[in-house]
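Working notes for the structure below.
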Amino acid sequence: MDRTRTQRQAERPPPQAAFRFGGFELRPGRQLLRDGAVIPVGRIALDLLGALVRARGELVTKDELFEAAWPGLVVVENALHQHMRALRSALGDHSALIVTVPRRGYRFEGQGEEIEVGDQDADASAELPSMPAPLTPLIGREDELPAIERLLAAHRCVTLLGPGGVGKTRLAIEIARRWEGRGNGPAHWVGLAGIVEGDGVDGAIAAAFGLNGPSSLPPLARVRHLLRHHPALIVLDNCEHLVEACASAAHQLMQAHAGLHVLATSQHPLGMSGEHRVRVSMLGVPPEGTCDGGVIAASPAVKLLLARVGECASQLHIDSDALEEAAALCRQLDGNALAIELAAVHVATIGLAATRAALADHFRLLAGGPRDVLPKHRSLEAMIDWSCALLNGKQAALFRRLSVFAGGWTLEAASAAIGDATRDPTDIAGDLSELVERSLIVSEGSTRSPRLRMLEAQRLYALKELRASGEHEIYASAHASYFAAFFEAGHDDWDDAHDDRWLARHAAERDNLRAAIRFALAIAERELAARLVGSSVWLWRSTGAAHELRQLLQHPLLQPGLLPPGHVRARLELALAFSLHWTSSESLRLESAAAGAVAAFEGSPDVLGAADSLLCLASAFAQLGDTFSHRTCLGRIESLLGEHRHGKTYGWYCGSHAWAAQLAGDLPAALAWATKSRIAYRGSGARHGETRALLHLADLQLAAGDAVQAIALGEECIARLDGGLHRVDLGRAHANLAAARFACGDVDRARSDWQLALEELRGLDFSYWVFDHLALLAILQGRDDAAARMVGFADAGYARLSKGRRVQNEQRAHDRAMARLRGRFPADELAGLLSAGAASSEEEMSELALRV
């Protein structure tokens with residue numbers, strides 16, 4: 001050091017001296033008071049202020065300040081800047097007393113009067129809280145706090161584990177405050193984010209106890225001596241880069257002092273005997289699809305988002321639509337507290353919708369956090385950078401390669417899709433376990449067959465790294481090929497597989513399937529894309545996403561004619577026919593697509609595929625009212641199936657026979673075949689297939705005149721479908737139930753069910769056949785003009801979609817309505833009303849029906 005500094009050190013008052021300036025009283029290393037009231041400032045900040053005041057207006061270099069606050073430790077320079085900001089904040093309107101001298105240090109410009117400190121004041125350090133003072137209330141952890149407190153009382157070492165940004169530090173602050181508030185002894189905060197080497201951990205712990213001065217004793221020996229008579233809590237914050245040193249220090253101190261408890265925050269366990277690990281979860285988000293404003297607003301993640309947005313823009317109005325946007329944003333951010341806080345700043349300026357849209361690039365948007373926090377907390381990318389810097393080469397490579405998975409993966413999938421041929425699968429399993437330990441990936445599900453996943457922010461970060469490494473196409477191709485084979489095997493298993501078991505394995509991979517299809521289409525791998533789409537047809541159907549399948553099949557690369565003959569083309573043809581069968585009443589389009597699928601399976605060993613394509617064609621003929629062609633298809637299917645009298649294809653075959661009998665007017669035969677269909681579906685564990693058979697049975701019972709049985713079956717259908725994803729089927733169930741209730745004279749409940757039916761069917765190309773029934777309701781209310789328009793709309797629907805004649809229940813309602821209308825209106829006026837209805841849009845007619 002230079003001569004000026006050496007002379008100042010020799011002349012300066014001893015560290016225990018106290019000073020008074022501008023209404024403040026400083027007791028270095030102990031307390032800062034203003035007008036007699038204690039200002040909450042950390043011990044290190046007080047040491048820095050003491051060094052500045054003792055210099056009496058002279059420059060204090062950064063090296064001198066480091067020596068004053070962190071003697072013997074290697075600390076990042078940002079730690080000094082943070083504590084200086086904390087000091088200026090504590091001084092409030094006197095913050096200008098601390099002057100920054102660029103690139104050199106700091107100077108204190110106040111006039112400090114030295115005062116004497118009594119013995120009682122000299123011992124005040126034992127009462128000084130050393131933990132950070134929270135600037136905002138803790139939100140969303142109300143249920144976790146008591147549980148962690150109980151664990152800390154029962155276990156001497158508790159580690160809060162979780163990925164960066166989940167809120168471990170804030171939770172630890174609250175636990176430490178409550179510890180002290182309950183009289184359990186002092187809590188000492190040890191912030192380790194600024195410590196570079198493990199050698200600095202012992203000194204940082206000593207500094208948290210105010211033991212900053214020179215001594216011949218090692219730091220932990222001094223701490224042990226201070227602790228010998230008193231219970232205490234030590235909080236080790238941000239341990240992940242210093243795990244071994246933290247574990248060693250905690251072990252030594254707990255061995256020497258039975259009254260000591262340790263609370264650690266880390267992305268990686270300390271690995272100590274007796275350590276109790278607590279995984280800090282992401283903040284709870286509202287369930288997908290919920291529209292209940294109370295449920296949304298009460299979820300922890302949304303509460304945090306709205307609180308932080310309110311701090312930035314207190315006048316922002318949050319209505320029901322905004323709440324749903326807030327819920328979607330929090331789900332998009334996986335409930336990550338740091339990400340939510342960073343996003344809140346942008347919500348306050350550009351709004352919820354724009355923030356969600358911009359989150360395609362999390363890292364560009366989620367930056368610019370508060371300046372008074374650690375650098376790693378100022379952006380999501382910086383937080384993940386911090387975590388990834390602790391990985392070795394193999395772990396870092398595995399982490400970035402896993403980004404090709406969307407929505408999670410199994411060990412089998414990871415080994416097959418991204419495993420290196422030179423590495424043993426157990427080696428990959430070990431590295432995956434290490435990434436779980438480091439909180440970079442999450443393990444979910446049962447311990448017997450866990451499912452692993454990355455949080456979306458980590459996945460996007462890793463994907464950016466994978467693209468930068470030049471490996472993206474290699475591993476994305478391997479991922480897509482794995483899932484093509486996976487769904488091809490699933491397609492073969494579907495017919496006899498129990499729905500629940502099949503879906504448990506395959507529905508979990510829906511996001512991986514979408515990602516694989518997008519990649520195959522992006523690189524114009526037509527056959528790979530066709531394999532993925534054609535083999536996954538049952539997943540789209542069973543999860544109520546048939547409309548998504550239909551949209552996919554409109555892609556130019558997924559036109560079956562572009563593929564050579566073979567099983568890939570045949571399954572793609574079948575997927576097209578299925579998508580139309582499930583989502584449209586355009587009978588001629590369905591007939592054309594189904595005929596293409598039948599031709600593609602000609603001579604194929606895939607018997608069930610050939611039978612399913614014929615069933616699609618039979619459905620088209622049923623819609624067209626072509627009973628002869630329908631029965632011809634059924635005869636071909638029977639010869640294909642032979643003795644195969646079980647499974648889902650057979651259940652559909654029986655259901656198609658029921659439709660043929662119903663169209664022929666043979667209701668007893670139709671009921672018998674529909675019952676066979678239900679039994680076949682039930683035997684194969686096809687819950688949704690059985691529900692569709694029940695829907696048909698309810699319709700047939702009403703046609704046969706048993707409205708009471710139709711109501712019972714309709715209620716059972718709705719109980720099965722309610723809250724699910726099969727909107728068309730739920731709409732049909734409500735419509736059938738309404739017709740049965742109306743037939744029993746229960747008009748009010750019929751009206752309610754028809755309203756629910758319209759809400760489900762609007763926009764799905766199926767609502768027209770409800771309007772013959774709704775016309776009867778309008779007539780009952782004296783709204784004959786509305787009834788005429790409804791009948792006209794139904795007539796146009798049958799004609800537009802090339803439908804055959806109405807079946808029994810719809811024909812009966814139509815005939816009753818027309819008999820009334822012909823007696824009510826002159827022929828030309830009735831024709832005008834029918835024409836007006838035929839020209840109306842579905843939206844106009846639905847609004848009219850809801851008014852009725």
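When the Cα gyration tensor is reduced to axis lengths a ≥ b ≥ c, the ratio a/c is 1.5 or higher for region 455-505, and with a/b not above b/c it is classed as oblate. Using the empirical formula 2.2 N^0.38 Å as the baseline, the Cα radius of gyration of region 568-705 reaches a ratio of 0.99. Relative to the Cα centre, the charge distribution of region 418-541, modelled as +1 at Lys and Arg Cβ and -1 at Asp and Glu Cβ, gives a dipole magnitude of about 460 debye. Once Lys and Arg get +1 and Asp and Glu get -1 on their Cβ, which of Leu32, Ala787, Ala396 lies farthest toward the positive end of the dipole of the chain? Final value for the positive-end residue is Leu32. The portion of the accessible surface of the chain made up by carbon and sulfur, rounded to a whole percent, is 51 (1.4 Å probe; DNA, RNA and ligands excluded). Our summary of shape: the Cα atoms of the chain have principal axis extents of 113, 67, 47 Å, ordered from largest down, in whole angstrom.
Estimated from helical segments only, the mean residue ellipticity of the chain at 222 nm is -18500 deg cm²/dmol, where each DSSP H run of four or more residues counts as -39500 (n - 2.57).
Unpaired cysteine residues in the chain (no second Cys Cβ under 4.7 Å): Cys157, Cys291, Cys312, Cys330, Cys388, Cys616, Cys633, Cys654, Cys717, Cys744. The overall shape of region 733-852 is rounded: from the C-alpha gyration tensor, with semi-axes ordered a ≥ b ≥ c, the ratio a/c is less than 1.5.
Across q = 0.09, 0.15, 0.16, 0.20 Å⁻¹, region 632-771 modelled as identical point scatterers on its alpha-carbon atoms has Debye log10 I(q)/I(0) values of -0.28, -0.75, -0.84, -1.19, in the order of the q list. The phi torsions of region 536-548, fed into the Karplus equation with coefficients 6.51, -1.76 and 1.60 and a -60° offset, translate into couplings of 9, 4, 5, 5, 4, 5, 6, 9, x, 10, 4, 5, 5 Hz, rounded to whole numbers, with Gly and Pro shown as x. Of the trypsin sites (Lys or Arg not before Pro) found in region 776-824, those that fall in a DSSP loop while having at most 14 other beta-carbon atoms within 10 Å are Arg805.
What's the magnitude of the charge dipole for region 652-797 around its Cα centre, counting Lys and Arg as +1 and Asp and Glu as -1 at the beta-carbon? Answer in Debye, nearest 20. Computed charge dipole of region 652-797: roughly 400 debye. Selection among Ile679, Leu329, Met254 by position relative to the dipole of the chain gives Met254 as farthest towards the positive end (Cβ unit charges, Cα centre). Counting only protein heavy atoms and using a 1.4 Å probe, the accessible area of Thr632 comes to about 70 Å². Summary value for the chain: 6 percent relative contact order, contacts being C-alpha pairs under 8 angstrom separated by 6+ residues. By how many degrees, 0 to 90 and rounded to 10, does the Cα axis of helix 667-683 deviate from the longest principal axis of the chain? Here the helix axis deviates by roughly 30 degrees.
Please compute the contact order of region 170-281 in relative form: average sequence separation of alpha-carbon pairs under 8 Å and at least six residues apart, divided by the residue count, as a percent.
Taking the mean separation of contacting Cα pairs over the length of region 170-281, I get 28 percent.
Phi-derived couplings, Karplus 6.51 cos²θ - 1.76 cosθ + 1.60 at θ = phi - 60°, listed residue by residue for region 559-568: 8, x, x, 7, 9, x, x, x, 5, 5 Hz, with x used for Gly and Pro. Heavy-atom accessible area, probed at 1.4 angstrom with all protein chains present, ranks Lys303, Lys168, Lys394 as Lys394, Lys303, Lys168, highest first. Sorting Lys62, Lys464 by solvent-accessible area of protein heavy atoms yields Lys464, Lys62, largest first, with a 1.4 Å probe. In this structure the amide hydrogen of Ala264, modeled in the peptide plane, comes within under 5 Å of the amide hydrogens of Val158, Thr159, Leu160, Leu236, none closer than 5 places in sequence on its chain.
Ligands, DNA and RNA are left out, and with a 1.4 angstrom probe the accessible area of the chain is 43 Å² per residue.
The residues packed around His155, meaning those with a beta-carbon under 14 Å from its beta-carbon, carry a net charge of +1 if Lys and Arg are +1 and Asp and Glu are -1.
Placing Leu834, Leu513 in order of accessible area, with the largest value first and a 1.4 Å probe, yields Leu834, Leu513. Dipole check for the chain: with +1 at the C-beta of Lys and Arg, -1 at the C-beta of Asp and Glu, and the Cα centre as origin, the magnitude is about 460 Debye.
The values are calculated or read from the model by the stated rules, or taken from the named source; none is laboratory data. Values in this document were obtained by computation on a predicted structure and should not be read as measured data. Note that we place each Cβ from the backbone using ideal geometry, even for glycine, and neighbour counts take in every protein chain shown. Side chains are part of the model used for accessible areas, which takes the heavy atoms of the whole protein and leaves out ligands, DNA and RNA. Shrake-Rupley method; radii C 1.70, N 1.55, O 1.52, S 1.80 Å.
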